[in-house]
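Enquirer: Before I ask anything, let me first share the structure, which is written out below as structure tokens.
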Amino acid sequence: MLSPVLTAETDLAAAAFADLRRRTGGDPAWLGGLRERAFARFQEVGFPTSSDESWKHTNIAPIARIAWEPVPFDPDAARPLPVSGRSLEAAGVQLGFANGRWSRALSSAPAPARAPSSIPGVDVLPLADVLRDHPDWLEPHFGRHAASEKNPFTAWNTALAEDGAFVRVSRGAALAGPIHLLFLSEGTGPPTVAHPRNLIVLESGAQATVVETYVGEGRTLTNAVTEISVGDGASLDHAKVQRESPDAFHVQTIAVTSQRSSQFTSSSAAFGGSIARTDIGVLFAGEGGDCTLNGLFVGEGSSLLDTHTTVDHATPHCTSRQVYKGILDGRSRGVFHGTVLVRKDAQKTDAIQSNKNLLLSRDALVHSTPALEIFADDVKCKHGSTIGQLDAAALFYLRSRGIGEHEARALLTWAFASDVVARFKPQIVREEVERALSTRLPGPPR
């Protein structure tokens, strides 16, 4: 039975869902049915609790007890980002969203701003436009990669998503610059929720870089889903930078299907939010695929930053590498749970997973649980996890050379983070993460 708080929230969601169905009565049958099933699933299971294994270290009661309201929003009235919120200005194309809806002010697309990108072989459009004009483009992928049955937040998003980004790179096309998807959340009144939905499709042999940035102010909830299809021989560099306000909540599912001989690289950085969780799932659906997941989470105050990864080696001859690092200060909490699943027929799998965490205060805490589930016998797999504080001997050495304690701690902390940040792609993301990191640590070494 649902708790009174959860009942109130699902009542609000039911009202929002009924309103959506009234306004989108022209949805094709496949989409209407998908929404109905997803919402029924959300009503059935409600928000996860600590009794759910994958959520046992992430108490989302602060999310469940708030009556989240959708935001009626006029994209033409969107305010430009403040200077401190701008990022990735070198991006080739920027599609911006304010409170989950496309924003003319935050987008670089040519006027009228709701038009495809001018790059041959590439479509970059607001999802709302594709839902209205070309729903058949979505049918092969929408809801096919991110399963509503596994995650109630995904089900909630699937039922209520109205906008987000649609990116499609045609067969053999290659982009010189990144596509930047910018999501701004502004909470100036009652607590509000947005459900951005992104679909990224690379056809056979295509190459692209896509960056998602989440920023904002106030008490908001961003419940995002990004579905990614990487075709045969295609290559995608995908990055996510999350730095919303300390009062914000952020939950995202990133679901990737990787076909034969494809390459997928993920660079993920989390800095903000009261509770911020990212679930990244990669399925090797074809032989010879390569996947690299790099991530950094930096917590301060009382924030809780949670990263869950799943790499499903469902086919032979695939390689995966995971390197995640966490830096926790104050009373912050970190969670890393990484699963590598090697199925029975996935011979010649090569998988390595690493998570290292640095605690800068006695009150900081991190839960790290890398896991291997291996059902094949001809594989190379290993994992590792460490949790510790700054090396006392290294700190003593630096101080003995005349470096003050504050500066010495900064040097060592930056050294710890730099290893994973140096792996981030593209360069503009690496530079953005370094800037964000510099505002949360004592200062970069000179």
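Enquirer: Determine which single condition H238 fails, assuming it passes every other condition in (1) within 24 Å of A422 (Cβ to Cβ); (2) open to solvent by less than 10 Å² (accessible area, probe 1.4 Å); (3) more than 12 Å from the chain's Cα centre (by Cα).
Expert: H238 satisfies every listed condition except (3).
Enquirer: If you don't mind, another one. Quickly run through the stretch 418-446 and pick out the residues that are without any contact (Cβ under 8 Å) to a residue 12 or more places away in the chain and among the β-branched types (V, I, T).
Expert: Result: T439, single match.
Enquirer: Of all residues in the stretch 31-67, which are in contact with a Leu (Cβ under 8 Å, 6 or more places away or on another chain) and of a type in the set (S, T, Y)?
Expert: T58
Enquirer: Return the residues of the stretch 376-406 that are among the charged types (D, E, K, R) and either surrounded by 18 or more Cβ atoms within 10 Å (Cβ to Cβ) or touching a helix residue (DSSP H, G or I) at 6+ places or on another chain (Cβ under 8 Å) (or both); say none if nothing qualifies.
Expert: Residues of the stretch 376-406 among the charged types (D, E, K, R): 377-378, 380, 382, 391, 399, 401, 405.
Hits for the stretch 376-406 are D391, R399, E405.
Enquirer: Can you pull out the strands (runs of 3 or more DSSP E) entirely within the stretch 184-246 that have at least 2 residues that are among the small types (G, A, S)?
Expert: Numbers: elements: 192-194, 197-202, 207-217, 220-230, 235-243.
Counting at least 2 such residues, we get 207-217, 220-230, 235-243.
Enquirer: Check every one of the helices (runs of 4 or more DSSP H) wholly within the stretch 1-105 and list those with 3 or more residues that are modelled with pLDDT under 90, in contact with a Lys or Arg (Cβ under 8 Å, 6 or more places away or on another chain) and farther than 30 Å from V429 by Cα.
Expert: Per the criteria, 4-23.
Enquirer: Can you name the residue in the stretch 275-310 that is polar (S, T, N, Q) and open to solvent by 20 Å² or more (accessible area, probe 1.4 Å) and is also farthest from P48 (Cα to Cα) among such residues? If you could, list the steps in order and put the result at the bottom.
Expert: Step one: list which residues in the stretch 275-310 are polar (S, T, N, Q), which gives 278, 292, 294, 302-303, 307, 309-310.
Filter again for open to solvent by 20 Å² or more (accessible area, probe 1.4 Å), leaving 292, 302, 310.
Numbers: T292: 29, S302: 21, T310: 18 Å.
So the residue we want is T292.
Enquirer: Next up: Which condition breaks for L182 when tested against (1) at pLDDT 95 or above; (2) in contact with an Asp or Glu (Cβ under 7 Å, 6 or more places away or on another chain); (3) crowded, with 23+ Cβ neighbours inside 10 Å?
Expert: Against the list (1) at pLDDT 95 or above; (2) in contact with an Asp or Glu (Cβ under 7 Å, 6 or more places away or on another chain); (3) crowded, with 23+ Cβ neighbours inside 10 Å, L182 comes up short only on (2).
Enquirer: Of all the residues that make up the stretch 128-183, how many are in a loop (DSSP other than H, G, I, E, B), touching a Phe, Trp or Tyr at 6+ places or on another chain (Cβ under 9 Å) and of a type in the set (S, T, Y)?
Expert: 1
Enquirer: Report yes if L125 is in contact with a strand residue (DSSP E or B) (Cβ under 8 Å, 6 or more places away or on another chain), outside any loop (DSSP other than H, G, I, E, B), over 26 Å from E36 (Cα atoms) and among the hydrophobic types (A, V, I, L, M, F, W, C), otherwise no. Let's see the steps before the verdict.
Expert: Numbers: in contact with a strand residue (DSSP E or B) (Cβ under 8 Å, 6 or more places away or on another chain): yes; outside any loop (DSSP other than H, G, I, E, B): yes; over 26 Å from E36 (Cα atoms): no; among the hydrophobic types (A, V, I, L, M, F, W, C): yes.
Taking the combined requirement at face value, the residue does not satisfy it.
Enquirer: Mind telling me which of the residues T222, T257 ends up being under 16 Å from T154 (Cβ atoms) and either charged (D, E, K, R) or open to solvent by 10 Å² or more (accessible area, probe 1.4 Å) (or both)?
Expert: Selected residue: T257, the only one of T222, T257 that is under 16 Å from T154 (Cβ atoms) and either charged (D, E, K, R) or open to solvent by 10 Å² or more (accessible area, probe 1.4 Å) (or both).
Enquirer: Now for a different question. So which residues in the stretch 311-326 are open to solvent by less than 10 Å² (accessible area, probe 1.4 Å) and in contact with a Phe, Trp or Tyr (Cβ under 7 Å, 6 or more places away or on another chain)?
Expert: Kept after step one, since they are open to solvent by less than 10 Å² (accessible area, probe 1.4 Å), are these residues of the stretch 311-326: 311, 313, 318, 320, 322, 324, 326.
The answer is H313, C318, Y324, G326.
Enquirer: Just a yes or no: is a residue in the stretch 366-375 over 30 Å from H57 (Cα atoms) and surrounded by 19 or more Cβ atoms within 10 Å (Cβ to Cβ)? Show your work before the answer.
Expert: Restricting attention to the stretch 366-375, the residues satisfying the condition of being over 30 Å from H57 (Cα atoms) are none.
No: the stretch 366-375 contains no residue that is over 30 Å from H57 (Cα atoms) and surrounded by 19 or more Cβ atoms within 10 Å (Cβ to Cβ).
Enquirer: Further question on the same structure: Would you point out the residue of the stretch 186-198, among those that are under 15 Å from the mean Cα position of the chain (by Cα) and crowded, with 24+ Cβ neighbours inside 10 Å, that is farthest from G286 (Cα to Cα)? Break it down stepwise before answering.
Expert: Taking the stretch 186-198 and keeping what is under 15 Å from the mean Cα position of the chain (by Cα), we get 194-198.
Filter once more, so that each one left must be crowded, with 24+ Cβ neighbours inside 10 Å: 194, 196-198.
Numbers: A194: 34, P196: 29, R197: 25, N198: 23 Å.
Here the residue is A194.
The values are calculated or read from the model by the stated rules, or taken from the named source; none is laboratory data. Source: prediction; values computed, not measured. FYI the Cβ positions are ideal-geometry reconstructions off the backbone, even for glycines, and counts take in every protein chain you see. Note: areas computed on protein heavy atoms with side chains; ligands, DNA, RNA excluded. Shrake-Rupley method; radii C 1.70, N 1.55, O 1.52, S 1.80 Å.
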